[in-house]
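Asker: Provided herewith is a single structure, encoded as structure tokens, for subsequent inquiry.
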Amino acid sequence: MSIINLKLKIWRQSGSEKGRFREYQSGPISTDMSFLEMLDVLNERLTLEGEEPVAFDHDCREGICGACGAVVQGHPHGHVKKTTLCQLHMRHFKDGDSLVIEPFRARAFKIVKDLVVDRSSFDHIISEGGYVSVNTGGAVDANAIPVAKETADQALDAAECIGCGACVASCPNASAMLFVGAKVSQLALLPQGHPERAKRALAMVQEMDRQGFGNCRNERECEAACPKGISIRNIARLNREHVKAFIS
Amino acid sequence: MSGPLNSPMELNSQIPSGPLENKWDNFRFENKLVNPANKRKYTIIVVGTGLAGASAAASLAELGYSIKSFCIQDSPRRAHSIAAQGGINAAKNYQNDGDSIRRLFYDTIKGGDFRAREANVYRLAQISNGIIDQCVAQGVPFAREYGGQLTNRSFGGAQVSRTFYARGQTGQQLLLGAYGALMRQVKSGQVTIFPRSEIMDIVTVEGAAKGVVVRNLLSGKIDSHAADAVILATGGYGNVFFLSTNAMASNVTASWKAYKKGAGFANPCFVQIHPTCIPVHGSCQSKLTLMSESLRNDGRVWVPKHKNDARPPSLIPQEDRDYYLETKYPSFGNLVPRDVASRNTKEQCDLGKGVGPTGLAVYLDFADAVNRDGIEVIQQKYGNLFAMYEKITAVNPISEPMRIYPAVHYAMGGLWVDYSLMSTVNGLFVLGEANFSDHGSNRLGASALMQGLSDGYFVIPYTIAPYLSATVPGQVSTDCSEFKAAEQKVHARQNKLASMNGTRTVDDFHRELGHILWEHCGMARNEQGLQKALELIPALREEFWQNVKVPGSALDLNQSLERAGRVADFLEFSELMVRDALAREESCGCHFREEHQTVENEAKRDDENFAHVAVWQNAGEKNTPQRLKEELTFENVAMSQRSYK
């Protein structure tokens, strides 16, 4: 463990006012801390100095809830691969580094305050079909329909999406194709999702467009930024599902 | 000390008649139902969107009730159930290894050290199989064998393999299933969701829960919502310790407000300290990260045999290692229940045999498993957990054993509920970790997901019906005086907190409270320490209300203010927790009173005097709360000294 000092340029924005970057010194930071713990240290100091702390979303701090996220030096969740901001540790930075920290930016993600954005557009997309329409009760025995291990594994690869929005923030078109592709793939791969697969693909894509997300241009930035490493193969599968649904 | 203000509340557990196996059937048959056409007239508030809350909201909406669903996060999908790693138990016996409903029931009762209610636990075991069926039907991608069948692994406290899993993220997959079901009902119009909403009070009218007062976390606006019944599925209170494996926003506020409105609080001192977490790194640490119990299937726990052995683990030969769990508990070995594992780890570290820079850690070693099964097999089972460990510690657990230490993880205690999951306040139901009912004084691994989904998918849809069928729908609106009075109190408290301009931050107070509790009400407790805590907590609380500093406005997104409110409630609740630990003069499960141990340092129960649930009744601000009892009777299992040897 060692101690580093950083220069921070953080996006501050509140209410209807126009946002701007403000500069702060981090003060001494242990390299064992996580990025969010570094922000905690800054916020404790700002509080005591009578300034409002930097607002940021966070909850589980173990990389699974998908609440946290900011763009650090141009990278959503920072430059370390397959890592959420809460799991990004300060040992990946050097003493004296200057860091620009800003919120995820996209038309469909309105900035709420500082680094906090509104991602309810993702909930709207899921409500259009990101599920199997079964009521509670009456399910057949869990082993009644065998599912090949490879298929179950692939479905889980897609289902690992944590809905953080880094894919959107990294995309030049602010597209949500990876997010939608992940859910459509999971349910298209598993037999339980088959009855609704066509309807699901159409409805979710339509809602994605309605929410103001752009289209995919094969930049692959989303895959690189995804903290769970979700593959763009899921976008290909989404396209296939969508075309099949469209012409059937 | 002055006497209580209220007369003691009634604690009728409403256990149905008949033999254990038939109680749930009998209940469902004798149960009053609500006519399908009438269901839509009832509005139900569900607070929390974790496994219990989301599954309850979705299932009740499917039946036709109108649901208002509240959560503190920006999306219902982020509730803390998402972080559960290891798995979910069910008595499917797919492995043909001798499992049955009765065995799951017995393991759970025994694991809980005979401090849970037989009828509730049996129902849980009966329902467990249906949960797996339901989740598979929703498209939850559980792990499978090459033949396409579901696979299982073992967890602590059981000698069968009954845990279903999806890599190390079972909670995530189950929650996304429940979230999908919830969003489907949002689409159908049966559920309205209110994300970024925090419950500030529960409103009762003529003794029955009729709504909630809510703060919109974005605007700071205080609003009331009325309903015919209120369901709390708000999780556990482990964050009272400041450092825990719980998510940052997890809190006791809704449960605490319910307690103040007359809901009994049961066994608050029962808090699970999980044996395998990543050790604390420094004073600015904000939370602790769990390493799933499933790792104990293949990982071996050890410490150096000699005190202060500073050699790196690779240079410590076998004969100088103490695999203390395997030696002490040959039949269960590394898979002893969590309380036993945690206590033994503390004991080794107290003896000076702990490892790492702080001496507060032990090794969890995969070398033998890798030699036996190969790296690939072990990576496939635990790959994402290994990656998570490496991310946090910068150490690869294949090349060097993991270092682990116990951390606060789960609250077995919670609001008291009867068989129908109704609290002592009429119409206030409590589900999942927020209630006390199924885990006694120690929860077994992979049973939290089972209980949350059991309560939400399969219990509450039946057990809420008799209450509603006796209730005229829509009687109360938010215009009534009870709502206005509650709103005013909330406003006053928010404004007071937001105007506090002292010299210490909220986190500073919270951290100090955590230290007090970890020191005096943690893995081992004694009378002197608990008495000490009872002096320290009120003093800290008083200082908080004089000297905390909360920047920003009450009418804005203000995360300091949110935390201030939660910590203020923790500062009150913690006292009840310590009081409960002091009054329970025995050791059981997680609750280890140093005065009460066997010659082998195991927990020594006192069944004659403490085979009961302790239920605390609020007696107003100035009075000591009253301790009531629900006696536990064991007709189907013999209460034995737990042995895992």
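The values are calculated or read from the model by the stated rules, or taken from the named source; none is laboratory data. Since we're looking at a predicted model, the values are computed, not measured. All Cβ positions, glycine included, derive from the backbone under ideal geometry; neighbour counts span all protein chains shown.
Asker: Counting only residues that are among the basic types (Lys, Arg), surrounded by 22 or more Cβ atoms within 10 Å (Cβ to Cβ) and not in a helix (DSSP H, G or I), which one in the range B:63-122 is nearest to the other protein chains (Cβ to nearest Cβ)?
Answerer: Going through the qualifying residues, I end up with B:68.
Asker: Of all residues in the range B:453-488 being in a helix (DSSP H, G or I) and in contact with an Asp or Glu (Cβ under 7 Å, 6 or more places away or on another chain), which is farthest from residue A:46 (Cα to Cα)?
Answerer: B:468
Asker: Something else now. Looking at B:532, B:604, B:549 in this structure, which one is among the basic types (Lys, Arg), within 30 Å of residue B:221 (Cβ to Cβ) and either out of contact with any Lys or Arg (no Cβ under 8 Å at 6 or more places or on another chain) or not assigned by TED's automatic domain parsing to the domain that holds residue B:348 (or both)?
Answerer: B:549
Asker: May I ask you to say which residue of B:560, B:574 is more than 27 Å from residue B:595 (Cα to Cα), crowded, with 16+ Cβ neighbours inside 10 Å and either at pLDDT below 95 or among the hydroxyl-bearing types (Ser, Thr, Tyr) (or both)?
Answerer: Answer to the check: B:560.
Asker: Then there is this: Does residue A:94 fit the bill of being more than 30 Å from residue B:177 (Cβ to Cβ) and facing another protein chain (nearest Cβ under 7 Å)?
Answerer: no
Asker: Pick out the one residue from A:145, A:162, A:125 that is under 24 Å from residue B:168 (Cα atoms) and buried (at least 24 other Cβ atoms within 10 Å of the Cβ).
Answerer: A:162
Asker: Here's a follow-up. Would you point out which residue out of A:202, A:187, A:238 is buried (at least 24 other Cβ atoms within 10 Å of the Cβ), touching a residue at least 24 places away in the same chain (Cβ under 8 Å) and over 30 Å from residue B:460 (Cα atoms)?
Answerer: The conditions single out A:238.
Asker: Any residue in the range B:184-198 that is buried (at least 24 other Cβ atoms within 10 Å of the Cβ) and more than 10 Å from chain A (Cβ to nearest Cβ)?
Answerer: Scanning the range B:184-198 turns up no residue that is buried (at least 24 other Cβ atoms within 10 Å of the Cβ) and more than 10 Å from chain A (Cβ to nearest Cβ).
Asker: Shifting gears a bit: Would you be able to tell me the number of residues in the range B:7-41 that are in a loop (DSSP other than H, G, I, E, B), of a type outside the set (A, V, I, L, M, F, W, C) and surrounded by fewer than 16 Cβ atoms within 10 Å (Cβ to Cβ)?
Answerer: Of the residues in the range B:7-41, 12 are in a loop (DSSP other than H, G, I, E, B), of a type outside the set (A, V, I, L, M, F, W, C) and surrounded by fewer than 16 Cβ atoms within 10 Å (Cβ to Cβ).
Asker: Restricted to the range A:58-81, and to residues that are free of Cβ contacts under 8 Å to residues at least 60 places away in the same chain and either facing chain B (nearest Cβ under 10 Å) or charged (D, E, K, R) (or both), which residue is surrounded by the fewest Cβ atoms within 10 Å (Cβ to Cβ)?
Answerer: Within the range A:58-81, the match that is surrounded by the fewest Cβ atoms within 10 Å (Cβ to Cβ) is A:80.
Asker: Restricting attention to the range B:416-440, which residues are under 16 Å from residue B:229 (Cα atoms) and not in a loop (DSSP other than H, G, I, E, B)?
Answerer: Within the range B:416-440, B:422, B:426, B:428, B:429, B:430 qualify.
Asker: Also: Tell me, yes or no, whether the range B:516-528 has at least one residue that is surrounded by fewer than 20 Cβ atoms within 10 Å (Cβ to Cβ), at pLDDT 95 or above and over 25 Å from the mean Cα position of the chain (by Cα).
Answerer: Scanning the range B:516-528 turns up at least one residue that is surrounded by fewer than 20 Cβ atoms within 10 Å (Cβ to Cβ), at pLDDT 95 or above and over 25 Å from the mean Cα position of the chain (by Cα).
Asker: In addition: Can you pull out every residue in the range B:595-645 that is acidic (Asp, Glu), farther than 25 Å from residue B:10 by Cα, exposed (fewer than 14 other Cβ atoms within 10 Å of the Cβ) and modelled with pLDDT under 95?
Answerer: Passing the criteria: only B:600.
Asker: Here is a further query. For the range B:299-310, name all the residues that are among the charged types (D, E, K, R) and at pLDDT 95 or above.
Answerer: B:300, B:305
Asker: Could you list, ordered by first residue, the pairs with Cβ atoms under 8 Å in which the first is in the range A:131-155 and more than 7 Å from chain B (Cβ to nearest Cβ) and the second is surrounded by fewer than 18 Cβ atoms within 10 Å (Cβ to Cβ), at least 6 apart or interchain?
Answerer: Close Cβ pairs satisfying both conditions: A:145/A:191.
Asker: Picking from B:158, B:181, which residue would you name as being within 8 Å of chain A (Cβ to nearest Cβ), crowded, with 22+ Cβ neighbours inside 10 Å and touching a residue at least 40 places away in the same chain (Cβ under 8 Å)?
Answerer: Every option except B:181 fails the conditions.
Asker: Identify all residues within the range B:247-292 that are over 17 Å from the mean Cα position of the chain (by Cα), over 19 Å from residue B:355 (Cβ atoms) and within 14 Å of chain A (Cβ to nearest Cβ); write none if there are none.
Answerer: B:283, B:284, B:286 - these are the residues of the range B:247-292 that are over 17 Å from the mean Cα position of the chain (by Cα), over 19 Å from residue B:355 (Cβ atoms) and within 14 Å of chain A (Cβ to nearest Cβ).
Asker: Can you tell me which residue in the range B:337-373 is surrounded by the fewest Cβ atoms within 10 Å (Cβ to Cβ), limited to those that are more than 18 Å from residue B:645 (Cβ to Cβ), in contact with a strand residue (DSSP E or B) (Cβ under 9 Å, 6 or more places away or on another chain) and among the β-branched types (Val, Ile, Thr)?
Answerer: Per the stated criteria, the residue is B:358.
Asker: Still on this structure: Take the residues in the range B:529-562 that are within 14 Å of chain A (Cβ to nearest Cβ) and among the hydrophobic types (A, V, I, L, M, F, W, C); name whichever of them is farthest from the chain's Cα centre (by Cα).
Answerer: The extreme case among them is B:555.
Asker: Do we find that residue B:539 is surrounded by fewer than 21 Cβ atoms within 10 Å (Cβ to Cβ) and over 27 Å from residue B:243 (Cα atoms) in this structure?
Answerer: So residue B:539 fails the test.
Asker: From A:227, A:191, A:195, which residue is within 14 Å of chain B (Cβ to nearest Cβ), closer than 30 Å to residue B:137 by Cβ and out of contact with any helix residue (DSSP H, G or I) (no Cβ under 9 Å at 6 or more places or on another chain)?
Answerer: Result of the check over A:227, A:191, A:195: A:195.
Asker: Tally time: how many residues in the range A:1-42 are facing chain B (nearest Cβ under 8 Å) and not small (Gly, Ala, Ser)?
Answerer: Counting residues in the range A:1-42 that are facing chain B (nearest Cβ under 8 Å) and not small (Gly, Ala, Ser) gives 7.
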